[in-house]
1. Hey, any hits in the stretch 71-87 for a residue that's out of contact with any Cys (no Cβ under 7 Å at 6 or more places or on another chain), among the basic types (Lys, Arg) and either surrounded by fewer than 22 Cβ atoms within 10 Å (Cβ to Cβ) or in a strand (DSSP E or B) (or both)?
2. Among the strands (runs of 3 or more DSSP E) confined wholly to the stretch 114-226, which include 1 or more residues that are farther than 22 Å from Gly102 by Cβ, touching a helix residue (DSSP H, G or I) at 6+ places or on another chain (Cβ under 8 Å) and modelled with pLDDT under 90?
3. For residues that are over 22 Å from Pro190 (Cβ atoms) and out of contact with any Ser or Thr (no Cβ under 8 Å at 6 or more places or on another chain), scanning just the stretch 95-126, find the one that is surrounded by the most Cβ atoms within 10 Å (Cβ to Cβ).
4. Which members of the stretch 16-54 meet the condition of being part of a strand (DSSP E or B), touching a residue at least 60 places away in the same chain (Cβ under 8 Å), of a type in the set (Val, Ile, Thr) and closer than 23 Å to Gln68 by Cα?
5. Quick one: how many residues across the stretch 286-300 are part of a loop (DSSP other than H, G, I, E, B) and surrounded by 16 or more Cβ atoms within 10 Å (Cβ to Cβ)?
6. With respect to Asp270, is the statement that it is acidic (Asp, Glu) and under 27 Å from Ser105 (Cβ atoms) true?
7. For the stretch 88-113, how many residues are more than 25 Å from Ile50 (Cα to Cα) and either in a helix (DSSP H, G or I) or among the charged types (D, E, K, R) (or both)?
8. Given the criteria modelled with pLDDT under 95 and closer than 29 Å to Asp235 by Cβ, does Lys18 qualify?
Amino acid sequence: MQPKKTLREYVADAMARKVAVGHFNISNVEGFWAVVRAAQEVSKKAEREIPVIIGVSEGERDFIGVAQVRALVDTVKDKQPVFLNADHTYSFDRVKEVIDAGFDSAIFDGAAISYDENVKITKQCVDYAHEISKKTGRDIILEAEMGFIGKSSEVHDSLPEGVGFTEEYLTKVDVAKAFIAATGADMFAPAIGNMHGLLKSGPKPALNIQRIADISKAVGIPLVLHGGSGDSESDLMKAIDSGIGIVHINTELRVAYRNALKLFLQDNPDEVAPYKFSKPALQAMQAVVEKKLSIFNKLV
């Protein structure tokens, strides 16, 4: 059994409601169940289906396995609308790999390469996704990215090289419009005051809400907020109101997992059963996902 609607339809429905679909990266099976169980709990609270996206970057899917993570998602689709996205993918071949494996969506991340090369490879990925969609009847989404916000979902001592929040680092409205017109991408991830990961000291700078609204109006497709970890509840809600249809969370989940696992092992140094010391880590991640989904769906 498949979800009642496609991912594209769930995102459109969310944006019509002025809410957003949560995208949560996983590195292991504990992360998977944390996201699924959180979505089920928030769906009960909302009294409606709350879709979620499982994200796996190139490194994450190399660790879990492309076929294995696809199989995990297939086990729950009759109970909860869960979709699978190939996060930050840096070549056409790796985009093709996940489309052929049955992923619902993929991101070609050309933020660190030249504009012309980004357009060229993004369009190649878009054309392939749309070709396979027509052949198979699947509705495959291809997301594009422009504007460098870093590559690592980790806790940083300082801003990563090449990342900033002043005007010169933000995605320009006219360039975004031309980029989407040239590539035909289904969704778009701009640089709008966001960054991957968290800073060790001090809060993350505020998102540029006006830039989000201006880009959204110019491109006419759903915008995706990458690097949502650490952004304030107020900023997230304003961003969603201004055109963000999907919000990515990764670093906060990693931190929750590590901290819960570390604490349990400190308190139980002789424990050797992985399912016992992994359980509190799973629960910690689930709590983060539930909180984020409540914010994205304005249930707070």
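The values are calculated or read from the model by the stated rules, or taken from the named source; none is laboratory data. Computed from a predicted structure; not experimentally measured. Cβ placement follows ideal geometry from the backbone for every residue including glycine, while neighbour counts extend to all protein chains displayed.
1. Yes - at least one qualifying residue is present in the stretch 71-87.
2. Strands (runs of 3 or more DSSP E) meeting the threshold: 141-146.
3. Phe103
4. Val52, Ile53
5. Qualifying residue count, the stretch 286-300: 1.
6. The answer is no for Asp270.
7. 8
8. So Lys18 fails the test.
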